[in-house]
Number of protein chains: 2
Amino acid sequence: MGMWVMSHVRSLTDLNFIVTLSHSRYALPRLRAWSRQLHSCLHINAMLLLRRCHSLTRFGPVSIQRHPVAPAVASCAARLWSNSSGDDQRSYQRAHSPSWRHGLAGLLAGTGAVLAYGLHKHKAEQVDTIRTPTLETTLPFPIFSQEEVTKHRSLEDGVWVTYQGGVYDITEFVAMHPGGDKIMLAAGGAIEPFWALYAVHNQEHVLEILSEYKVGELSAEDLKKQQAVKSSDPYSSDPERHPVLHINNLKPFNAEPPPEILSDSYITPSAFFFKRNHLPVPPVDPASYQLHVEGLPGGALTLSLEDLKTKFPKHTVTATLQCAGNRRSEMNTVKQVKGLNWGIAAISNATWSGANLRDVLMAAGYGPDVAQWARHVQFEGLDHDVTGSTYGASIPLNKAVSEEGDVLLAYEMNGKELPADHGFPVRVVVPGTVGARNVKWLGKIIVSSEESSSHWQQNDYKGFSPGTDWDTVDFKSAPAIQELPIQSAITTPADGAVVDRSEEEVIVKGYAWSGGGREVVRVDVSLDGGKTWQVAQLRTSDKGQAAEPSPPPGRAWAWKLWEVTAPLPPEAQELEIVCKAVDNSYNMQPDTVPPIWNLRGVLSNAWHRVNVKIREDEDEEE
Amino acid sequence: MGMWVMSHVRSLTDLNFIVTLSHSRYALPRLRAWSRQLHSCLHINAMLLLRRCHSLTRFGPVSIQRHPVAPAVASCAARLWSNSSGDDQRSYQRAHSPSWRHGLAGLLAGTGAVLAYGLHKHKAEQVDTIRTPTLETTLPFPIFSQEEVTKHRSLEDGVWVTYQGGVYDITEFVAMHPGGDKIMLAAGGAIEPFWALYAVHNQEHVLEILSEYKVGELSAEDLKKQQAVKSSDPYSSDPERHPVLHINNLKPFNAEPPPEILSDSYITPSAFFFKRNHLPVPPVDPASYQLHVEGLPGGALTLSLEDLKTKFPKHTVTATLQCAGNRRSEMNTVKQVKGLNWGIAAISNATWSGANLRDVLMAAGYGPDVAQWARHVQFEGLDHDVTGSTYGASIPLNKAVSEEGDVLLAYEMNGKELPADHGFPVRVVVPGTVGARNVKWLGKIIVSSEESSSHWQQNDYKGFSPGTDWDTVDFKSAPAIQELPIQSAITTPADGAVVDRSEEEVIVKGYAWSGGGREVVRVDVSLDGGKTWQVAQLRTSDKGQAAEPSPPPGRAWAWKLWEVTAPLPPEAQELEIVCKAVDNSYNMQPDTVPPIWNLRGVLSNAWHRVNVKIREDEDEEE
């Protein structure tokens, strides 16, 4: 059968057919062995076809040895499978092949589990067919020692993990893992500490997935040893948060305030400022805190918090930060994207104080010579994953060293020391630039000819055409998001709100902001879905307080709040309230979401729309 | 009747009624006198009501003296008329009151005549009623001396002009004049030299308008003297132009190339580069040319052309210039705007060489002290109108002095000396900034705390909400256009083109550019009106030539050309081809024109759309 398999079996559909022919109640172990053999054959077939994938020719001569299934290979193989099989496989590929890629970044962003579940479920259904539907696993599982488990740390040798005393062979799941090959870090050991870090795994369906791969039990002796090593929660030093926040993800913590809070306060109180962590909040002792500045001719410079505060002038900047994913939920209504389902409040405005990055770079030896070769300034956070790799990002050098760039190494937010969630003791504030580059818990600054090599710089925060999907995306083809485009949203009334006719007018409020220091110069508001427009009142301070002085050109870092009081149109039963803002480069927001939809769900800045009902019957008022 | 008139006559409708009651064949002179009296009364009524106009309270105590009807007063009065009268007057105001304002800037922009004609025609119809429809002016006109005519140079004394020996009392027309109170410059004298300058008057209906105001003949003696002073054509030194250009206005010259020429050449040949003059091309002797730099501590600096070329390093920048009115014609299809009816080719790309403005300002004494108080750099052209007032504009100081601003005092275009139409011998090139600030035939540079006070800076090139009309517009409320927003257009195929099915594919080409040095990073093209999108190939050089090196961040001054070759969709009978570009701040173009429509028709950057038919029957091919 081996040769026949080699030449004919190219898909799981074929495999299912064979299995149907030969199934019996006690055939499981043999079927499993066959299945592994078939998997291997399929793998060889896939490898033979890999040459078609241009980017993979560097793998050199085709070998029948097992290679670690790197994500790119897995994706290519999935495509080859679908090419060489029938309709079922094509639909499999359409439905699922993109998903694991979704998931790769998804896990890093704290999501992706839902997609992974779908992917696994489909596969599991096929595996069920292999096992036969009537099979009951009454056979006792074999016992393995930790030593035996530890031998399985590669795709060649199989990938085993333990969970609560069970041993699981997850070799086949690796290519489907939403978190990509990070799963290999757990190979040969316990999976609990990783799940503690990436809390997205704490869902029932994840256990369901795992249970399908059980192959044995860990010896009682080794289980005892394992349990003796307490896995501490890496999120244990995360701070308390205000309960009003709407939590999009708990670990890492991602949350936004209720929208109406934003327009109630020109400066967003720190407790309500949206929070977007990529990793656990690192506990930092301010007394021993060190900031390293590298890549400059003078050699590395190390600064204490005290140095930062005392050796450099203190500057204060009012700047709005916005997550690239703000308003992502509107893109999800068009077509599912990957990422946290942010509403309209992943944006906030604060006053930041600290040393100018420019001053620090000068002190560390920056000069015209450096400008000859350097192009970027990289930042590394002190927040890290289980492998020790830290959050990272970079900004263009000219932004970092410009006197008008106003980039801060901030140690104060709204006049107090930085809260833990916002980067205590020191974060970068890059006014006008996407939140992701405003690295928190700053540990290192590197002046470089290259951008940060971090996942978040290279393969995450970028925009693509609506026609680009996870199969065709080339992250190298798009620039890392830096300056953000013009944005505005309606914070009140909320979508679905009801206004009484007796109120005679409706008060519409919101925020507007643009990246790159471009000042918002106008906000247009429509009550009729965009047919007619009126101009909103803008403000740059809280009511009753003096407006902030007009910023110098190109340095409008803070948002504007806006308001319109409009009479209720006499005959309207409902209003479609729309806002759109204009900055001083006269950039406008696009009208609709679908044409700016992108697979990562970033840069969602179409006109914001809320629907409001007018209640005619005053008797119903309470 | 005088008192009755004072208390009851508030509108021309009432006036028509009186006139109808009392008309007779020989009543004309008395009616005219009454008319004048009524006009005066109406004026008084208007003045009494002027206090309602908040902005005009500075006129102080109401006086029955005639005031010069400044535009603001006339507008307000028009509104008061409409408030105090019936439907006819309201419709008059709706239809026409905005028009004179349209016209004011319209004339300056070389247009507005059509609107003015409508305004006058309506008024003339009413005047016809006054004169009675049956009246024939068989009476000989009185003879006036030039001395008598010259006495009529104000609204108080009447505004008289002469034209080809006729004497015209245009007092009532002043407030309707599309060119605003510039018409007062002609008061008491011959109108021919002005019409020579503002060639928009050379249309038959303008003569029709004038003829209605004839009140006499100039004495034969004075006519002879007048004719002896030959009025030379101020456009006589305008250069020859290439006949391929599509002329939007001849005097001043405004023309654009056929769109397909743009995408045929990355660098637009100077002869095809769009031309946008506001005034006659001034003849400048390069040997005696002087550039004055003022406003700096060192006192005025005067530079010869030789100085500019030899005392400062020569820099070369490839930069795209775009008229604020590019693609205005698309706004006109929504609702008539004021301005030249530009197509999609009021944009071009050239190589410019000259001295850095920064270097020249430094040489003239610019330093940190100046930055304390200065905010703008003003430019004055050598092109001027009959009163000697020159074209002018300004840019923010930080753009002018930034090392990364790349602002040039250019004396070369595409490797040769500047052509006359492009500012010979010296123009400003402000990369990334609207064409209007790239002042040609540069005569003076002034460092100042204020923007240029020119019409074009203060009351012309600005953007407004679609809800703002000429009655409500406040030019002070909007910033002068500087950096332009993201733009793209399809140069080929042309709208209405036919593609043969046998060709199997369609090649779509175009340009894309963004202001402020923001690099175009992607162009999306749709063949189905925006439902599905593909990504275009971008290029930064002519085919077969090496691409220009990637610009430093924030200094992408030149456009990108783009191209898509797409298979003809099998079942489509026509294509709605759409393009939209994205810059590296991820600004996007708005989807549609109506929501960005503005009364001045500037900043027209919605998705560009062309419709193309697919011809199925190959037999019809020729």
Exercise for the section: Could you work out the mean projected area of the convex hull around the alpha carbons of region B:177-224, in square nanometres to one decimal? Expected result: 3.9
Completion exercise
The rounded separation in angstrom of the Cα centers of region A:272-351 and region A:559-622 is 29
Completion exercise
Expected vector for region A:534-551, Karplus 3J(HN,Hα) from phi with 6.51, -1.76, 1.60 and θ = phi - 60°, integer Hz, x for Gly and Pro, equals 10, 9, 7, 7, 9, 9, 10, 6, 6, 4, x, 9, 5, 5, 4, x, 4, x
Problem - region B:252-304: C-alpha gyration tensor shape, a/c 1.5 cut-off, then a/b vs b/c - result: prolate
Problem - Additional length obtainable on full extension of the chain from B:TRP373 to B:THR302, 0.36 nm per residue less Cα span - result: 23.3 nm
Handout entry: region B:310-372: Rg to Rh, with Rh as the Kirkwood radius over Cα pairs
Key = 1.25
Problem - Coordinate range along principal axes, alpha carbons of region A:493-549, Å, largest first - result: 39, 29, 18
Problem - 10 Å Cβ neighbours from other chains, averaged over peptide A:588-597 - result: 6
Handout entry: Probe 1.4 Å, all protein chains present, accessible-area order of B:VAL407, A:VAL244, largest first
Key = A:VAL244, B:VAL407
Practice task
With all protein chains present, calculate the accessible area of B:GLU221 using a 1.4 Å probe and round the result to the nearest 10 Å².
Solution key: 130
Exercise for the section: In nm to one decimal, list the spacings between the B:ASP528 label point and its equivalents in the other copies, with label points set 7 Å along Cα to Cβ, shortest first. Expected result: 3.2
Handout entry: Two-decimal Rg/Rh across region A:490-584, once Rg and the Kirkwood Rh are taken from alpha-carbon atoms
Key = 1.02
Practice task
On each of the three principal axes of the Cα atoms of region A:386-477, give max minus min coordinate, whole Å, ordered largest first.
Solution key: 46, 36, 26
Practice task
Under 1.5 on a/c is rounded, so check that first for region A:396-440, then, if it is not, pick prolate when a/b is larger than b/c and oblate when it is not; a ≥ b ≥ c are the square roots of the alpha carbon gyration tensor eigenvalues.
Solution key: prolate
Fill in the blank from the handout: To the nearest 0.05, the calculated FRET efficiency linking B:GLN458 and B:LYS151 through their beta-carbon distance, R0 being 25 Å, is 0.15
Exercise for the section: Please give the peptides B:394-403, A:483-492 ranked by average Cβ packing (other Cβ atoms within 10 Å per residue), highest first, as a rough proxy for protection. Expected result: A:483-492, B:394-403
Problem - Other copies of B:PRO243: label-to-label distances in nm, shortest first, labels 7 Å along the beta-carbon direction - result: 8.4
Fill in the blank from the handout: Sorting A:THR316, A:THR150, A:THR333 on solvent-accessible surface, 1.4 Å probe, most exposed first, gives A:THR333, A:THR316, A:THR150
Handout entry: Out-of-range pairs (alpha-carbon distance over 31 Å; input A:LYS399/B:LYS335; B:LYS182/B:LYS224; B:LYS416/B:LYS444)
Key = A:LYS399/B:LYS335
Handout entry: For A:ARG501, inter-copy label distances in nm, listed shortest first [label point 7 Å out on the Cα-Cβ vector]
Key = 5.7
Problem - Range of Cα positions in region B:222-360 per principal axis (Å), largest first - result: 57, 52, 29
Practice task
Count, for each residue of B:480-488, the Cβ atoms from other chains sitting within 10 Å of its Cβ, then give me the mean as a whole number.
Solution key: 4
Completion exercise
In whole angstrom, the spacing between the Cα centers of region B:198-243 and region B:370-430 equals 33
Practice task
Please work out whether region B:222-292 counts as rounded, prolate or oblate from its C-alpha gyration tensor, where a ≥ b ≥ c are the square roots of the eigenvalues and a/c under 1.5 means rounded, while otherwise a/b larger than b/c means prolate and anything else oblate?
Solution key: oblate
Fill in the blank from the handout: Mean per-residue count of partner chain Cβ within 10 Å for A:577-586 equals 6
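The values are calculated or read from the model by the stated rules, or taken from the named source; none is laboratory data. Everything numeric in this text was worked out from a predicted model, so none of it was measured. Note: ideal-geometry Cβ built from the backbone for every residue, glycine included; neighbour counts use all protein chains shown. Just so you know, the surface numbers come from the protein's heavy atoms only, side chains and all, with ligands and any DNA or RNA stripped out. Shrake-Rupley method; radii C 1.70, N 1.55, O 1.52, S 1.80 Å.
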